[in-house]
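The values are calculated or read from the model by the stated rules, or taken from the named source; none is laboratory data. This structure is a prediction, so every number in the text was calculated from the model and none was measured. Counting neighbours? That spans all protein chains shown, and the Cβs are built from the backbone with ideal geometry, glycine included. Keep in mind that these areas ignore ligands, DNA and RNA; they rest on the heavy atoms of the full protein, side chains included. Shrake-Rupley method; radii C 1.70, N 1.55, O 1.52, S 1.80 Å.
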Amino acid sequence: MERAARIYQYGPPEVLKIEPIEVPSPGPGEALVRHTAIGLNFVEVYFRRGTFKMPALPAVLGNEGAGIVEAVG
């Protein structure tokens, strides 16, 4: 099952939710990567707190990772 760290509002660590997600097939210029390592860095704390605003909520945190390419669009 694929999961994502999401926030629906800005705030303390308790607003962070780990949820199952649907993974669409990759489109043109995209790749589907099965992550083997994922980084949540301190900048995600700023996003969660609202110090740096996300483009829209709910938002998925974690923008760094490494893994195996499963498919390309």
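Below is a table of values for the structure above.
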quantity: Residue ID - farthest from residue 4 (Cα to Cα), chosen from residues in the range 19-72 that are open to solvent by 70 Å² or more (accessible area, probe 1.4 Å) and touching a Gly at 6+ places or on another chain (Cβ under 6 Å); calculated: 28
quantity: Looking only at the range 1-46, and only at residues there that are touching a residue at least 40 places away in the same chain (Cβ under 8 Å) and within 14 Å of the chain's Cα centre (by Cα), the one that is farthest from residue 61 (Cα to Cα); calculated: 32
